[in-house]
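The values are calculated or read from the model by the stated rules, or taken from the named source; none is laboratory data. Here the structure is a predicted model, which means the values were calculated and not measured. Cβ atoms come from the backbone with ideal geometry, glycine included; neighbour counts cover every protein chain shown.
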Ligand SMILES: CC(C)(COP(=O)(O)OP(=O)(O)OC[C@H]1O[C@@H](n2cnc3c(N)ncnc32)[C@H](O)[C@@H]1OP(=O)(O)O)[C@@H](O)C(=O)NCCC(=O)NCCSC(=O)C[C@](C)(O)C(=O)O
Ligand SMILES: [Mg+2]
C-alpha cells in the first residue's frame, strides 16, 4: 500500500496535481453516443445543451470493425463541440484493459483532446490493480500532452470479482470519480438467468403464505438491490459518486423510471441514458421532489446551526435529519442553477 502522504502526489513529472475533492457537478444522466454513427454525431452539438454529460462510447455496442471509426468520431466530436459553453461533461468509455484497442484509445484520445476530457469510464474493472494501471498511464499521457486538469476515472462494476473488490476499487486513486452498475456483463459473470439490460425479472419474486383457498399475493423483487447498496456504500465512504447504469428496454419508460428512482433514493447521483427518450426520465428522477425540497428547507431554517431537536408538522427533527435535509437542499440548489423552471418551483432562499 502506498504511504498516505504520497496518495495525492502526481504519478508522473509534469502531470497535474490530483483533485483533493471531486469537482461539484450535476450529473443526472451520462448520455451514451455511438461516435461511429455519423448521423447521431452530427446532432451532438444540439444534444449537448440538453444533457449533463455526453459520453462517446468506444467499447461494447461498437462493432469490432468500427472501433477505429468510433475513436476518430469521438475525437472529431470533442474538437467540434464546445461542451464547456453549456457546462456539459465530456466523457468516453474506453475498451477493456485486455482488449487490442485500449492503448490506441488512451494514446489517441488523450493526445488529441485530453484537455477537453473530464472523465474516462473503464469497463470490467476487477480490482484496484486495474485502476492503478490506468492511473499511471494517464499521468504519463497528461504530462506528455501538457493536460492541466486531471482526467478522472469512472469504473463500471460489471464482474463478480469487481463486486467482491468494490471498496478497494473506490479507494484506489484520487482520480476516482465514481462507479456505475453494469447489469448485463455482471449478470453473465454471475451466471444470473436474465437476458435483460438492467431492471427486474418477472420470475424473481416473493409470495405470501398459503391461506386456504385465498389467492396468494406475490410481488416482483429487485434483482439489483444488493449490488447497488454495496456500490453506494463503497462510493459514499470514499467521497465518490454512484450511478445506476443502463436500462435497456427503451419501450418501457415506466419500468426505467422506477429503477432510476430506486437508485436515486438509495444514494445514486444519476443513470445512463442510451436513447434520447430516456433523458427526460433521468431529469425527472434525479432532481429532488419539490415538496421534499420545501420540507428540507424548513428543517434547515428551523435549525440554523444544525444542532438540537425541533418539531415540524408533528415530526421530530435533530442533527441527523438536518444532515438529510442538507443533502436534498444542496442537490436542489445544483439542479436549480441549471434548470430555471425547477428553480421557480423550489423557491429556495
Ligand atoms: C440502440 C440504438 C442503436 C437504437 O438506435 P435507433 O436509431 O435504432 O433508435 P430510434 O428509436 O429509431 O432512434 C430515434 C432517433 O434518436 C436517435 N438516437 C438513438 N439513440 C441515440 C443516442 N444514444 N444519442 C443520440 N441520438 C440517438 C436516432 O438516430 C434517431 O434519430 P432520427 O429521428 O433523427 O433518425 C441507439 O439508441 C444507440 O446506439 N444507443 C446507445 C447504445 C449503447 O451505447 N449501448 C452500450 C451501453 S449499455 C452497455 O454497454 C451494458 C453494460 C453497462 O456494459 C453492461 O451492463 O454490461
Ligand atoms: Mg458491459
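Before moving on, here are some points about what is shown:
- Hits in the stretch 8-45 - residues which are away from ligand 2 (no atom under 16 Å from the Cβ) and part of a strand (DSSP E or B): 29, 31, 33
- Filter result for residue 116 (away from ligand 2 (no atom under 16 Å from the Cβ), in contact with a helix residue (DSSP H, G or I) (Cβ under 6 Å, 6 or more places away or on another chain) and over 25 Å from residue 268 (Cβ atoms)): yes
- Condition met for residue 40 (buried (at least 21 other Cβ atoms within 10 Å of the Cβ) and farther than 14 Å from residue 101 by Cβ): no
- Residue 155 vs. criteria in a strand (DSSP E or B) and on the phi < 0 side of the Ramachandran plot: yes
- Residues that are touching a helix residue (DSSP H, G or I) at 6+ places or on another chain (Cβ under 6 Å) and surrounded by fewer than 18 Cβ atoms within 10 Å (Cβ to Cβ) within the stretch 293-307 comprise 306, 307, listed in sequence order.
- The lone exception for residue 315 - which of (1) modelled with pLDDT of 95 or more; (2) on the phi < 0 side of the Ramachandran plot; (3) out of contact with any strand residue (DSSP E or B) (no Cβ under 6 Å at 6 or more places or on another chain); (4) surrounded by 12 or more Cβ atoms within 10 Å (Cβ to Cβ) it fails: (4)
- Positions within the stretch 268-299 being over 14 Å from residue 336 (Cα atoms) and in a loop (DSSP other than H, G, I, E, B), in sequence order: 268, 269, 274, 275, 276
- Boolean, residue 279 is touching a helix residue (DSSP H, G or I) at 6+ places or on another chain (Cβ under 6 Å) and closer than 30 Å to residue 223 by Cβ: no
- Screening the candidates 70, 61, 48 for the property of being touching a residue at least 12 places away in the same chain (Cβ under 8 Å) and more than 16 Å from ligand 2 (Cβ to nearest atom) yields one hit, 48.
- In the stretch 221-229, the count of residues that are within 16 Å of ligand 2 (Cβ to nearest atom), under 16 Å from the mean Cα position of the chain (by Cα) and in a loop (DSSP other than H, G, I, E, B) is one or more.
- Matching option when the condition is at positive phi and assigned to a loop (DSSP other than H, G, I, E, B), among 200, 245: 245
- Residue in the stretch 101-114 that is within 14 Å of ligand 1 (Cβ to nearest atom), under 30 Å from residue 338 (Cα atoms) and either modelled with pLDDT under 95 or crowded, with 21+ Cβ neighbours inside 10 Å (or both) present: no
- Only residues that are within 10 Å of ligand 2 (Cβ to nearest atom) and either under 17 Å from the mean Cα position of the chain (by Cα) or modelled with pLDDT under 95 (or both) were counted in the stretch 186-202, giving 2.
Yes or no, residue by residue, for (1) within 16 Å of ligand 1 (Cβ to nearest atom); (2) touching a strand residue (DSSP E or B) at 6+ places or on another chain (Cβ under 7 Å); (3) in a helix (DSSP H, G or I):
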| position | (1), (2), (3) |
| --- | --- |
| 90 | yes, yes, no |
| 120 | yes, yes, no |
| 125 | yes, yes, no |
| 129 | no, no, yes |
| 143 | no, no, yes |
| 150 | no, no, no |
| 161 | yes, no, yes |
| 189 | yes, no, yes |
| 194 | yes, no, no |
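- Filter pass, residue 94 being surrounded by fewer than 21 Cβ atoms within 10 Å (Cβ to Cβ), under 24 Å from residue 143 (Cα atoms) and either assigned by the TED database to the domain that holds residue 245 or touching a helix residue (DSSP H, G or I) at 6+ places or on another chain (Cβ under 8 Å) (or both): no
- Condition check for residue 56: under 24 Å from residue 179 (Cα atoms), assigned by the TED database to the domain that holds residue 182 and surrounded by 23 or more Cβ atoms within 10 Å (Cβ to Cβ): yes
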